[in-house]
Amino acid sequence: MLTAAAVAAALVLAHAPATAQSATGPRTAWGDPDLQGVWDYWTFTPLERPEEFADRDQLTAEEAAVVAQRSNAEALARDEPPPPGDVGGYSQAVWTDRARATALTQPSLLVDPPNGKLPAMTAAATARAQADATAGGYPVRLRVGGINEDGPEARGAAERCLLGFSTGPPMLPAGYNNNVQLFQAPGWVVLLNEMVHDVRVVPLDGRDALPSNLQQWLGSSRGHWDGDTLVVETTNFTNKTGSFNTSFVSWGSAEHLTLVERFTRVDADTVMYEWTVNDPDTWTQAFTGQFPMLRADEPLYEYACHEGNYGMQNLLSGARAAERADTTQP
């Protein structure tokens, strides 16, 4: 297990908001700030601020080290032998990405609202969620999980290999595969997420977004430079995904979402990533998160989701077997 001192030594300290930064780092051959490379966005810092730090917007390095150490211990505990009769799941100690994991000195990924918490949903969005649940729960906007085992459409988008559970957008740290590769060409930026090898091709030439009736899983992204910060605005999300998603929770519908992401090169090994969710149809106010992404020296490998997706087949076939064995049903 990592010691508190070792974690503290490896801390990635939170930087000033990307909106206030102006880096003077490397440039591309055509003069744009160079963001190219593979970037790792894993951290132990939680999305929302823990109650123990309710009145704090910064932690000491020692406190952040304790957060990382505690989360690391929880991950290792998941690898303990399961109770008798429980076949367990895949090994958390093998699959959970902890090698470079740290905790930031900001107590949560959310930096606005100032309390570090998600804002309330609108009354209309809450009513729609209740109506959807009453009507059967479709479409399933979860990334991981589902509403039943009737068929693949009842399972989350990540289980169906449609979207990654950490790749968003916006990107959020999760258990593994927290990597994105940025490519640049004159007038273009490409973001390749490792999980489910999702690609967003972002033009920088000022063109309009797609017509509003054309909705996509990853939306329609358009970018521009604000000083040395790359700003990517994305609209036209499908209503089949949530306004905001973590691995296991989805809120609202994304069809009216405007997502603004900001990428700022802080130094040779760090890009600050900031994102703002603005969806007045779902949320009572916009909210912003930020965290650093660290340079990774290794290449991305193919995330072959469908090719190894035996879980979906086994889940559905197991449900059918249970139905056949249920003598209480006609």
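Every number here is computed from the coordinates shown, using simple stated rules; none is lab data. Bear in mind the structure is a predicted one, so any value in this text is a computation, not a measurement. Neighbour counts are summed over all protein chains in view; Cβ atoms, including those assigned to glycine, are modelled from backbone coordinates with ideal geometry.
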Checklist outcome for this item: For Gly206, the net charge from surrounding residues (Cβ-Cβ under 12 Å; K, R +1; D, E -1) works out to -1
Item to check | Shape category assigned to segment 241-330 from the gyration tensor of Cα positions, a/c cut at 1.5 | outcome: oblate
Next on the checklist: As a footprinting exposure proxy, order Trp283, Trp225 by other Cβ within 10 Å, with the fewest listed first.
Outcome noted: Trp225, Trp283
Checklist outcome for this item: Once Asp150 and Thr284 are pulled to full extension, the length gained, defined as 0.36 nm per residue separation minus their Cα-Cα distance, is 44.8 nm
Item to check | Local net charge near Thr235, Cβ-Cβ under 12 Å (Lys/Arg +1, Asp/Glu -1) | outcome: -3
Checklist entry - What is the sum of charges around Gly156, taking Lys and Arg as +1, Asp and Glu as -1, for the other residues whose C-beta is under 9 Å from the C-beta of Gly156? => result +3
Next on the checklist: Using a Förster radius of 30 Å, what is the FRET efficiency between Val201 and Glu48 based on their Cβ-Cβ separation? Nearest 0.05, please.
Outcome noted: 0.40
Checklist entry - For segment 171-308, how big is the tail of P(r) above 20 Å, as a whole percent of Cα pairs? => result 50
Checklist entry - Expressed in nm to one decimal, what extension gain is obtained for the pair Leu315 and Glu302 from 0.36 nm per residue of sequence separation less their Cα-Cα distance? => result 2.2 nm
Checklist entry - What list do you get for His197, His306 if you sort them by fewest beta carbons within 10 Å? => result His306, His197
Checklist entry - Any idea how far the Cα center of segment 156-183 sits from the one of segment 194-245, in Å? => result 15
Item to check | Size of segment 148-248 as Cα extents on the principal axes (Å, biggest first) | outcome: 48, 33, 19
Item to check | Neighbour-limited loop hits for trypsin sites (Lys or Arg not before Pro), segment 185-266 (at most 12 other Cβ within 10 Å; DSSP other than H, G, I, E, B) | outcome: Arg207
Checklist entry - With a 10 Å Cβ neighbour count serving as the proxy for reagent exposure, in which order, fewest first, do Met293, Met312 appear? => result Met312, Met293
